[in-house]
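Worksheet for the structure shown next.
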Amino acid sequence: MGTFSKLHRFHEAGQGANVKNVEAFGQPARSLYTSTKIFSLKHHIDVTDETEQVVYQAKSKVFSFVDKTDLYDASEKHIAHIQRKFISLHERHFVTMDNGQAFELSNELFHIMKDITNIEGLGWQLRGNILGLNFELYDSMGRIVAVIGQKMISLHDKYCIDIYQPQMEEIVVAIVITLQHMIADRKNASAASGSYS
């Protein structure tokens, strides 16, 4: 059975897709879940399936000005490399898939209610709301690719990903990992500016 909140899209493994997602887009082809290991020398994100088996892992170098992250599947096959632009007002991140496909995520500056992240190189758009913790990923034709929900209160920074275009799964996972880094960067920048005021 799916979760019933129309405002908040997060659901745990085994709960089924959120009722609003199903009403708007139908049943997803697959749902995945991320969980960040926070007490680690390396920033590490596990991506699990409905049975809580790890299907992808993202590993980041902790001491890196450009936040280098590599994404692997369960068999340790390299899937993608993600890197933040060193200095950017647009929270720009570069993603290179192992098949050579490359794209960039660039956040339109500081929308209050709605964040719009353009995915240059794909023509996709990530529309969301950091306050509401919900995001929708659309392809260049305006078709839904995935819906992402973040758990409101969690020590492990959990997300669920309802995927509607399963052939795009690896790209979707790379985008969600990048989104998590962008949100963490924004939180860190906000905390740093607050400590100097």
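The values are calculated or read from the model by the stated rules, or taken from the named source; none is laboratory data. Computed from a predicted model, the values in this text were never measured in an experiment. Note that each Cβ is placed from the backbone with ideal geometry, even for glycine, and that neighbours are counted across all protein chains shown. For the accessible areas, the whole protein counts, side chains as well, though only heavy atoms, and no ligand, DNA or RNA atoms are used. Shrake-Rupley method; radii C 1.70, N 1.55, O 1.52, S 1.80 Å.
Name the single residue that is most open to solvent (accessible area, probe 1.4 Å) among those in the range 98-134 being modelled with pLDDT under 90 and in contact with a Gly (Cβ under 6 Å, 6 or more places away or on another chain). This residue is 134. If only residues of the range 82-97 that are in contact with a Leu (Cβ under 9 Å, 6 or more places away or on another chain) and open to solvent by 50 Å² or more (accessible area, probe 1.4 Å) are counted, the one that is modelled with the highest pLDDT is 94. Residues in the range 135-182 that are outside any strand (DSSP E or B) and modelled with pLDDT of 90 or more: 19 in all.
Would you say residue 190 is modelled with pLDDT under 85 and either part of a helix (DSSP H, G or I) or over 23 Å from residue 52 (Cβ atoms) (or both)? Here the answer is yes, as residue 190 does meet what is asked.
A search for C-beta distances below 8 Å between a residue of the range 16-29 that is among the aromatic types (Phe, Trp, Tyr) and any residue that is open to solvent by 20 Å² or more (accessible area, probe 1.4 Å) and outside any helix (DSSP H, G or I), counting only pairs 6+ apart in sequence or on different chains, returns 25/144; 25/164.
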